[in-house]
Amino acid sequence: MSDQPTVLITAATGNVGPHAAAELLARGARVRALVLPDDPNAGRLPAGVEVFHGDLGDPDSVDAALDGADGVFLMWPFFTLDTTTAPAVVAKITSVPRRVALVSSVGVHIGLEPVDNNCHAYLESLLEPTGAEWTFLRTTGFFANAVGFAGQVRGGDVVRFPYGAATRTSVHERDLAAVGAEALVTGGLGGRALLVSGPEELSQARQVEIIGEVLGRPIGWVDVEHDDARRAMVDTGWPPSYADGALDYFAALTKEPEVGSDVVAEVTGRPAATFREWVHERVDAFR
Ligand SMILES: NC(=O)c1ccc[n+]([C@@H]2O[C@H](COP(=O)([O-])OP(=O)(O)OC[C@H]3O[C@@H](n4cnc5c(N)ncnc54)[C@H](OP(=O)(O)O)[C@@H]3O)[C@@H](O)[C@H]2O)c1
């Protein structure tokens with residue numbers, strides 16, 4: 001691996017991708033981003049990133065972006081298990097020796113996401129037997145998921161959502177990106193499945209309280225009933241089995257907090273960001 005590896009980021013313009021680009025650039029990598037041709041968010045990528053148009057649903061469209069890439073920061077944007085394109089894309093990525101950092105999920109770590117019903121577990125199973133120097137980033141939820149509360153916060157003083165007592169160890173997207181960048185540029189993390197979490201256990205209701213503290217006005221929480229929440233999730237396009245999985249997981253997290261780790265600090269040498277720090281960075285979304 002050269003001192004200045006070329007790394008391709010897939011699903012590059014979402015919550016994690018721009019951070020991944022910045023963290024890779026900061027470590028001296030040349031960075032490519034696979035971006036849908038009509039993606040309105042391409043401008044979120046930092047300067048210096050080379051954009052390649054392609055669609056992960058069309059494996060051949062990824063060829064140009066992969067040609068000459070030493071590593072892949074692999075994010076899979078689809079919910080459903082895809083036994084056609086996912087193997088084809090993984091085969092292309094692993095057709096030559098490369099480092100691959102896959103954004104996977106805590107659900108795989110704790111056995112909640114079975115290989116036959118989940119894209120993260122399935123992608124891990126595809127990469128594992130290959131010769132790639134893979135690292136699985138089994139992440140907890142993102143702080144950015146709290147943007148889902150922003151409309152209610154802007155419009156009032158209460159958030160209605162299921163399972164306010166569900167306690168997670170969510171992580172700043174930038175910290176997840178930094179762990180992936182270390183795996184891809186610095187190396188030494190090949191063959192490792194890392195549980196990537198934030199530094200603290202926070203219930204969803206407490207997250208909302210912290211948003212209120214940063215805004216300077218109290219924001220309350222009202223629990224939405226399980227069945228009503230499920231209906232709303234399915235109506236917005238969640239596959240029913242995923243809605244059930246997520247809600248059952250949240251119900252379990254009201255009894256026992258999500259697992260966590262010190263991986264961010266251990267791998268990056270800097271403390272993992274707190275949720276309050278993230279809210280300060282993103283406060284405009286809640287105003
Ligand atoms: N959120 C969580 O708590 C959580 C937890 C565990 C794991 N993850 C995983 O984290 C990864 C990254 O999540 P994220 O929040 O950064 O994603 P995101 O914000 O939803 O962004 C998805 C990205 O993928 C792009 N995309 C969509 N369809 C595509 C296609 N056919 N070909 C190429 N690109 C496509 C989107 O482009 P457009 O903007 O143009 O649609 C966007 O850039 C995902 O793999 C997710 O499964 C998330």
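Summary of values
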item: Euclidean distance between Cα centres, the stretch 62-111 to the stretch 160-223, Å; result: 23 Å
item: Where only alpha carbons of the stretch 81-212 are counted, the Rg and the Dmax (Å); result: 17.3, 54
item: Per residue value of the accessible surface for the chain (all protein chains in place, 1.4 Å probe), Å²; result: 44 Å²
item: Kirkwood hydrodynamic radius of the chain, from inverse mean 1/r over distinct Cα pairs, in Å; result: 19.6 Å
item: Surrounding net charge for R30, when Lys and Arg each add one and Asp and Glu each subtract one, Cβ distance under 12 Å; result: -1
item: Cα gyration tensor shape for the stretch 153-287, rounded if a/c is under 1.5, else prolate or oblate; result: oblate
item: Positive dipole terminus of the stretch 57-116, leading residue within M75, V106, G57 (C-beta point charges); result: V106
item: Cα Rg, Dmax (largest Cα-Cα span) when computed across the stretch 1-135, Å; result: 14.2, 39
item: Coil-residue GluC sites (Glu not before Pro) of the stretch 181-229, DSSP, other Cβ within 10 Å capped at 13; result: E225
item: Computed over the chain: relative contact order in percent, which uses C-alpha pairs under 8 Å that are six or more apart; result: 18 percent
item: Principal axis dimensions, the stretch 128-184 - Cα atoms, whole angstrom, descending; result: 52, 20, 16
item: For the stretch 118-246: relative contact order, % (alpha-carbon pairs under 8 angstrom, 6 or more apart); result: 31 percent
item: Neighbour net charge for A121 - beta-carbon separation under 12 angstrom, K R +1, D E -1; result: -3
item: DSSP-defined beta bridges in the chain - what % are antiparallel, rounded to 5; result: 5 percent
item: For the chain, built as a Gaussian network whose Cα springs stay under 10 Å, the top-fluctuating residue of V108, V158, V264; result: V158
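The values are calculated or read from the model by the stated rules, or taken from the named source; none is laboratory data. If you're wondering where the values come from, they're calculated on a predicted model, not measured in any experiment. All Cβ positions, glycine included, derive from the backbone under ideal geometry; neighbour counts span all protein chains shown. Note: areas computed on protein heavy atoms with side chains; ligands, DNA, RNA excluded. Shrake-Rupley method; radii C 1.70, N 1.55, O 1.52, S 1.80 Å.
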